[in-house]
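Read the figures in this text as sums done on the coordinates, not as results from a lab. Here the structure is a predicted model, which is why all the values come from computation and not from measurement. Ideal geometry is used to build each Cβ from the backbone, glycine not excepted, and the neighbour counts take in all protein chains shown.
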Amino acid sequence: MRKRGHLGAEVRIKVPFYDVDTLHVAWHGHYAKYLEEARCALLDVIGYNYDAMREDGYAWPVIDLHIRYAQPARFGQLIAARAELMEWQNRLVVNYLITDAATGMRLTRATTTQIAVHIATREMQMVSPAGLTRAVQAALNAREAA
């Protein structure tokens with residue numbers, strides 16, 4: 001079992017027809033969209049979504065993506081995509097788990113790594129900007145208080 005993240009979020013997605021091949025199996029490239037949906041939900045939980053990143057002066061491109069397919073997602077299937085924050089001090093590392101929403105059967109595991117790039121200078125940052133670290137700490141504090 002993978003280690004749980006510090007913060008997490010989950011979204012449910014019904015696999016659309018336009019994501020599948022002639023066998024009604026989701027094409028492997030579309031999983032990046034499912035991960036992005038879960039990551040956006042996680043960033044909302046943190047309180048530092050892509051709009052906040054841009055306002056803070058940073059872009060956060062994905063620099064690494066690892067994905068492991070265990071079972072295919074199929075047309076019309078309701079899937080649960082969960083994103084969990086693993087690292088944020090120097091880079092943003094997020095683990096994902098995609099499961100069948102009804103049975104919990106694992107379909108896919110993945111990890112993405114993002115790094116802050118200062119928009120004005122286009123320089124990669126070796127330490128995460130203060131806006132992200134403050135937002136993560138606030139989200140962690142709020143979770144502990146609840």
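General remarks:
- Max-minus-min Cα coordinates of the stretch 7-145 on each principal axis give 46, 37, 22 Å, with the largest extent listed first.
- Cα-based helix-to-principal-axis angle, 130-145 vs the chain, degrees rounded to 10: 70
- Residue among Ile98, Ile119, Ile67 with the largest mean-square fluctuation in a Gaussian network model of the chain, springs linking Cα atoms under 10 Å: Ile119
- Coil-residue trypsin sites (Lys or Arg not before Pro) of the stretch 95-146, DSSP, other Cβ within 10 Å capped at 13: Arg122
- Among Glu87, Glu36, Glu55, residue whose mean-square fluctuation peaks in a GNM of the chain (springs only between Cα atoms under 10 Å): Glu55
- Structural descriptor for the chain: relative contact order 28 percent, calculated from alpha carbon pairs under 8 angstrom and at least 6 residues apart.
- Considering only Ala38, Gly5, Val136, the residue lying farthest towards the positive end of the dipole of the chain is Gly5, judged by Cα position with unit charges set on Cβ.
- In the chain, the calculated helix contribution to ellipticity at 222 nm averages -8000 deg cm²/dmol per residue, counting -39,500 (n - 2.57) for every DSSP H run with n ≥ 4.
- Comparing Ala73, Ala130, Ala38 in a Gaussian network model of the chain where C-alpha atoms under 10 Å apart are linked, the largest mean-square fluctuation is found at Ala130.
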